[in-house]
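> Have a look at this one.
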Amino acid sequence: MRTFLDTIEVVLLDIDGTVLDFDACVVETMREGFCQFGLPEYEPWMFEYFKEINDILWKQLERGEITQQELFAVRWKRILERIGIAFDGSQMEQFFRQKLLNSAIPVPGAGKLLETLACRYELGVASNGPYEQQRRRLTLAGFADHFTYFFVSQRIGCAKPDPRFFKTAMNEMNEGRLRCGKPQVKPGEVLMVGDSLTSDMDGGIGFGMKTCYLDHKEAGPDGRPVDLIVHSLGELADIVTGGDSGNA
């Protein structure tokens, strides 16, 4: 039986939390950084404070209230203050950024999924973050060759879910397809896969794309009309290959 996946031409994938494990990198950074700088030993509860403040800042960035550089300037200062550690936040941010630049920890099932998708669709990155950092991490993970397009907010000049991000992505995809003699792709023929309800799902839905929500916490889409919900990348790979009926 045909599904909307049979009409898809291009799949866009978020990176952090979708293809690469950002949280695992954060934990490694805190453990190693706190030890290197002679700070109190990392404890798991500290990660929750990182996540709380980092999420607030990235939501502000998505709404256009702060820039990426402003986020980087205050992130670790606020996190360390929240934890109760007196230390130079800019030094910790620099350590973290260097650690992230070399981090290529895959989300379980990422390699299999990319191989599965690449046999059927053109693939593109759709990520908020520094361009060279995100591209390098995909290369280190051995994933970069699966992607035809690299749409990263620093290069585009705005962040998901801004419609301008997706408009630029569509324009560049169609320019590339035109050069290759392929037909133009419409928003409804593009699938946005990601773990963020705001940047990925709201952005994709708002631009008329099909959406697949990677629901790690099984919390649901909060009323959003997403087209597909999966709880692991392996589940999505099974759906694409017909091994699972999915959750449309």
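Bear in mind these aren't lab numbers, they're just calculated from the coordinates by the rules spelled out. Keep in mind that this is a model prediction, so the values were computed, not measured. FYI the Cβ positions are ideal-geometry reconstructions off the backbone, even for glycines, and counts take in every protein chain you see.
> I'd like to know which of Cys25, Tyr49, Ile66 lies farthest towards the positive end of the charge dipole of the stretch 22-101, counting +1 on Cβ of Lys and Arg and -1 on Cβ of Asp and Glu.
Ile66
> Over 19 Å between Cα atoms, which of Lys77/Lys160; Lys160/Lys210; Lys51/Lys210; Lys112/Lys182 qualify?
Lys77/Lys160; Lys51/Lys210; Lys112/Lys182
> Note down the relative contact order for the chain as a percent, whole number, built from C-alpha pairs under 8 angstrom at least six residues apart.
Relative CO of the chain lands at 22 percent.
> Using the number of other C-beta atoms within 10 angstrom as an exposure proxy, rank Lys186, Lys217, Lys160 with the fewest first.
Arranged by neighbour count, lowest to highest, Lys186, Lys217, Lys160 become Lys217, Lys186, Lys160.
> Loop only per DSSP, at most 14 neighbouring Cβ atoms within 10 Å: give me the chymotrypsin sites (Phe, Trp or Tyr not before Pro) in the stretch 1-75, ordered by residue number.
Phe37
> With +1 on each Lys and Arg Cβ and -1 on each Asp and Glu Cβ, and nothing else charged, work out how big the dipole of the chain is about its Cα centre, in Debye to the nearest 20.
780
> Also, quick follow-up: Can you pull the one-decimal nm distance between simple spin-label points at Ile85 and Glu32, each 7 Å off the Cα toward Cβ?
1.4
> I've got another one for you. Count neighbours as other Cβ atoms within 10 Å of each site's Cβ, and list the trypsin sites (Lys or Arg not before Pro) in the stretch 27-105 that are DSSP loop with at most 12 such neighbours.
When the trypsin sites (Lys or Arg not before Pro) of the stretch 27-105 are filtered for loop state and at most 12 Cβ neighbours within 10 Å, Arg63 remain.
> Here's a follow-up. Can you pull out the GluC sites (Glu not before Pro) in the stretch 32-76 whose DSSP state is coil and whose Cβ has at most 14 other Cβ atoms within 10 Å? Could the numbers behind the result be given before it?
Numbers: sites: Glu32, Glu41, Glu48, Glu52, Glu62, Glu65, Glu70; in loops: Glu41, Glu65.
Hits after loop and neighbour filter: Glu41, Glu65.
> Against the empirical 2.2 N^0.38 Å scaling, what ratio does the C-alpha Rg of the stretch 126-248 come to?
Output field value: 1.09.
> Let me ask something additional. Using only alpha carbons, build the gyration tensor for the stretch 17-141 and give me the equivalent ellipsoid semi-axes, biggest first, whole Å.
After scaling each eigenvalue by five and taking roots: 28, 17, 12 Å.
> Another question, if that's okay. Check Phe150: other-chain or 5+ apart residues with amide H under 5 Å from its amide H, H built from backbone geometry?
Val125
> Further question on the same structure: Between Glu43 and Glu218, what is the label-to-label distance in nm when each label sits 7 Å out along the Cα-to-Cβ direction?
2.9
> Still on this model: Amide H neighbours of Ile8 under 5 Å, at least 5 residues apart or on other chains, H built in the peptide plane: list them.
none
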